[in-house]
Amino acid sequence: MNNFQWCKSSYCGGINNCVEVGQAPGVVAVRDTKNRDGGTLVVDRGTFAAFLAAVKSGRL
């Protein structure tokens, strides 16, 4: 997972009780800030965009 460019959610407020989103060519990854070695969900960009659209619309 070293090839990802990671950033924390802007809603974190500086604490480590957040999620981080990582980007690499063609994929997006999500991991828990307080347990970075605990696992990473990796999906293609289209799937992640559909997920965000569903969350924003209130469907999830």
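Kindly provide the set of residues from the stretch 18-47 that are of a type in the set (D, E, K, R) and under 15 Å from GLN5 (Cβ atoms), ordered by number.
Taking the stretch 18-47 and keeping what is of a type in the set (D, E, K, R), we get 20, 31-32, 34, 36-37, 44-45.
Answer for the stretch 18-47, where residues must be of a type in the set (D, E, K, R) and under 15 Å from GLN5 (Cβ atoms): GLU20, ARG31, ARG36, ARG45.
Within the stretch 24-44, restricting attention to residues that are surrounded by 13 or more Cβ atoms within 10 Å (Cβ to Cβ) and not aliphatic (A, V, I, L, M), which residue is farthest from the chain's Cα centre (by Cα)?
Selected residue: ARG36.
Condition first: surrounded by 11 or more Cβ atoms within 10 Å (Cβ to Cβ) and within 17 Å of PHE51 (Cβ to Cβ). Now tell me which residues in the stretch 8-17 satisfy that.
To start, the set of residues in the stretch 8-17 that are surrounded by 11 or more Cβ atoms within 10 Å (Cβ to Cβ) comprises 8-9, 12, 16.
If the condition is that a residue be surrounded by 11 or more Cβ atoms within 10 Å (Cβ to Cβ) and within 17 Å of PHE51 (Cβ to Cβ), then SER9 is the only one that fits.
When the stretch 8-45 is examined, which residues are found to be at pLDDT 90 or above and either in contact with an Asp or Glu (Cβ under 7 Å, 6 or more places away or on another chain) or of a type in the set (Val, Ile, Thr) (or both)?
Answer for the stretch 8-45, where residues must be at pLDDT 90 or above and either in contact with an Asp or Glu (Cβ under 7 Å, 6 or more places away or on another chain) or of a type in the set (Val, Ile, Thr) (or both): VAL21, GLY26, VAL27, VAL28, VAL30, ARG31, GLY38, THR40, VAL42, VAL43.
The values are calculated or read from the model by the stated rules, or taken from the named source; none is laboratory data. Given the structure is predicted, the values throughout are model-derived calculations rather than measurements. Reconstructed Cβ throughout: ideal geometry from the backbone, glycine too, with neighbour counts over all protein chains shown.
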